[in-house]
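Since every read-out is calculated from the coordinates, none of them should be taken as a lab result. Here the structure is a predicted model, which means the values were calculated and not measured. Note that we place each Cβ from the backbone using ideal geometry, even for glycine, and neighbour counts take in every protein chain shown.
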Amino acid sequence: MKRTKLFFMAIAMMAGFSLSAQVAINTDGSNPNSSAMLDVKSTDKGFLPPRMTSAQRDAISAPADGLIIFNTNSGYLNYYVGGHWYEISRTIVQYSVTNPGTGKTWMDRNLGASQVATSSTDAASYGDLYQWGRGADGHQSRTSGTTTTLSSTDNPGYSNFITTNSSPFDWRSPQNDNLWQGVSGINNPCPSGYRLPTSSDLDNERVTWNSNNASGAYSSPLKLSEAGFRDVVDGSLVDAGTHGRYWSSTVDGTNSKFLYFNGSNAVIQNGNRGYGYSVRCIKD
């Protein structure tokens, strides 16, 4: 008798779903919102997407556009569209700061950082480390895996940091100079309305510092920290807490320009694009 009752209840539920084409999951008996196919309500529990490694994610057969998973390697939500996996940034767009000396508005923290720097060596302010020109595909995580296979496309389609010991020391072959130019840059990792700074943008900030070194970088309105970098040859983390390196969008031959500072100096330099450096976005 009990099984018969459950059977008819299941039939009734399926019939209801087929008529409304909507599902509500809740404890108060309310109907789903008219705009939603699935409406989940709770005041003490969250929505938990599938959790998997990058390798498990990449093994999904024929993923649909819009598919979402939580990547346990990078600690980011990933979504699939147009043949590639992308990451949903943790950066909060509304946090910004304006330098009265330059009149420019920037994000108040590095991409991937959980907070504004409280010191030049505040690890929570370091954030992610991007290879020049790559999007937010997971490689920027300080603990992402590595591969020696260079990419022949603008979007490698995986979250590994690409290493190389051959000139021109770029993750992409052939190189593409037009990946981070402006808000419409092909792989612009910044939030909407923000872009990678040019080398001039970074240098204009530098000359307003009260000292031309890491102390001046931190005491500036941007509160830049010594976040270190990842090495292009082996992907190792280097100089965290002693050096800061911040990418610009400006190309220089086969290299690209960046802002460098340590305890005694600050200067605009050029570097191989395969290195992983910090990114601080500027408002367009």
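When the residues of region 137-180 are narrowed to those that are in contact (Cβ under 8 Å) with a residue 60 or more places away in the chain and of a type in the set (A, V, I, L, M, F, W, C), which ends up nearest to Asn73 (Cα to Cα)?
Residue satisfying both the conditions and the ranking: Phe161.
Among the candidates Val238, Val232, which residue alone is more than 16 Å from the chain's Cα centre (by Cα), under 25 Å from Ser159 (Cα atoms) and crowded, with 21+ Cβ neighbours inside 10 Å? Give the steps one after another, and end with the answer.
Values: Val238 fails: crowded, with 21+ Cβ neighbours inside 10 Å.
Result: Val232 is the single residue among Val238, Val232 that is more than 16 Å from the chain's Cα centre (by Cα), under 25 Å from Ser159 (Cα atoms) and crowded, with 21+ Cβ neighbours inside 10 Å.
For region 257-279, give me each residue that is of a type in the set (D, E, K, R) and not in a loop (DSSP other than H, G, I, E, B).
Restricting attention to region 257-279, the residues satisfying the condition of being of a type in the set (D, E, K, R) are 257, 273.
Across region 257-279, the qualifying residue is only Lys257.
Kindly list the number of the only condition in (1) under 20 Å from Asp108 (Cβ atoms); (2) free of Cβ contacts under 8 Å to residues at least 24 places away in the same chain that fails for Gly216.
(2)
Please give the number of the condition Ser159 fails out of (1) out of contact with any helix residue (DSSP H, G or I) (no Cβ under 6 Å at 6 or more places or on another chain); (2) not in a helix (DSSP H, G or I).
The failed condition is (1).
For Tyr130, all conditions in the list (1) farther than 21 Å from Ser236 by Cα; (2) of a type outside the set (A, V, I, L, M); (3) surrounded by 19 or more Cβ atoms within 10 Å (Cβ to Cβ) hold save one; what is the number of the exception?
Tyr130 satisfies every listed condition except (1).
Quick one: count up the residues across region 176-212 that are over 21 Å from the mean Cα position of the chain (by Cα), part of a loop (DSSP other than H, G, I, E, B) and crowded, with 16+ Cβ neighbours inside 10 Å.
Residues in region 176-212 being over 21 Å from the mean Cα position of the chain (by Cα), part of a loop (DSSP other than H, G, I, E, B) and crowded, with 16+ Cβ neighbours inside 10 Å: 1 in total.
Filter region 89-148 down to residues that are part of a loop (DSSP other than H, G, I, E, B), among the small types (Gly, Ala, Ser) and closer than 18 Å to Glu205 by Cα, then give me how many there are.
Of the residues in that region, 4 qualify.
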